[in-house]
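Values quoted throughout were computed directly from the atomic coordinates according to the rules given, and no laboratory measurement underlies them. Quick caveat: nothing in here was measured; it's all calculated off a predicted structure. Using ideal geometry, Cβ is built from the backbone for each residue, glycine included, and neighbour counts are taken over all protein chains shown.
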Amino acid sequence: MKAQPTYEIRIAGQLDETTLGSLAGPDVSCHDGITIITGQFDQAALHGKLEMIRSLRLDLLEARRIRVFRGTRPGEMTRSLLTDDPGAANIRQHGLIATGSWKEASVTRHTYEIKVIGSLGPATREAFTDMAVETEPTITVLSGDLDQCGLHAVLDRMRALGLELVEIKQAPPRPG
C-alpha cells in the first residue's frame, strides 16, 4: 500500500482544547501564535481537514506537502518542504498573520498562491478565470487576492475538479 503524503497546515491563533479535539488524529502543535497540524492525508482527507477549518471559522494561513525524514536518533524526525520557497520558513516575514476576530479575518483579503500537480487544460482553466495561472514544469500555480470565503470557494472548485493539491500559502502582495 502506498504511503499517504504528509501535509503541514498552519492556522492563525492558538486553538482551545475543544477545537483541538475536533482535529483529532494528526500531530498538532502551537508556535508563536500559529497552530500547526501535521499528518498523512490523501486528497479527500486533506480537503476534509480544510472543510473542518472553514466550518470552525478558523483563519487558514497555509497548507503544504512536506517530506518527513527519520533522524539518526530513535524518534528523531526532520521535515523538508517539497517546494523551493526561501521565505517559507518564516510566515511572518511579509506580515501575513491575520489578527482579530473571525469576522475581520474572513473579509481581510490576502494574496494566496495555490499549487496543484500537473498543468491545467483549457476547460479547467475556465473554472479559475478569477485567478492568475502560471504553469511550471510539473506544477500549476494559481494566485489571487482572496478572503477566507473566496479561498475556500477556490478549494471547493479544485476538489470538484479532482486537482491534486500540493500547497496553499499567503504570498507577499503583488506589486502595482
Which distance in nm do the two modelled labels at ARG57 and ILE117 give, with both placed 7 Å along the Cα-to-Cβ direction? 3.6
Where a label projected 7 Å from the Cα of THR138 along Cα→Cβ would reach, residues of segment 31-67 with amide N under 16 Å: 65-67
List the aspartates and glutamates whose Cα lies under 12 Å from the Cα of LYS49, skipping any in the same chain that are fewer than 8 positions away. GLU8
The answer for ALA63, listing residues at least 5 apart or on another chain whose modeled amide H is closer than 5 Å to its amide H, is ARG10, ILE168, LYS169
Under a 5 Å amide H to amide H cut-off, with H placed in plane at 1.01 Å, what residues pair with CYS30 once short-range neighbours are removed? ILE36
Length gained if ARG109 through CYS149 is fully extended, taking 0.36 nm per residue and subtracting the Cα-Cα distance, is 13.4 nm
Hits among aspartates and glutamates - C-alpha to C-alpha of LYS115 under 13 Å, sequence gap 8 or more where chains match: GLU62, ASP84, ASP85, GLU134, GLU136, GLU164, GLU167
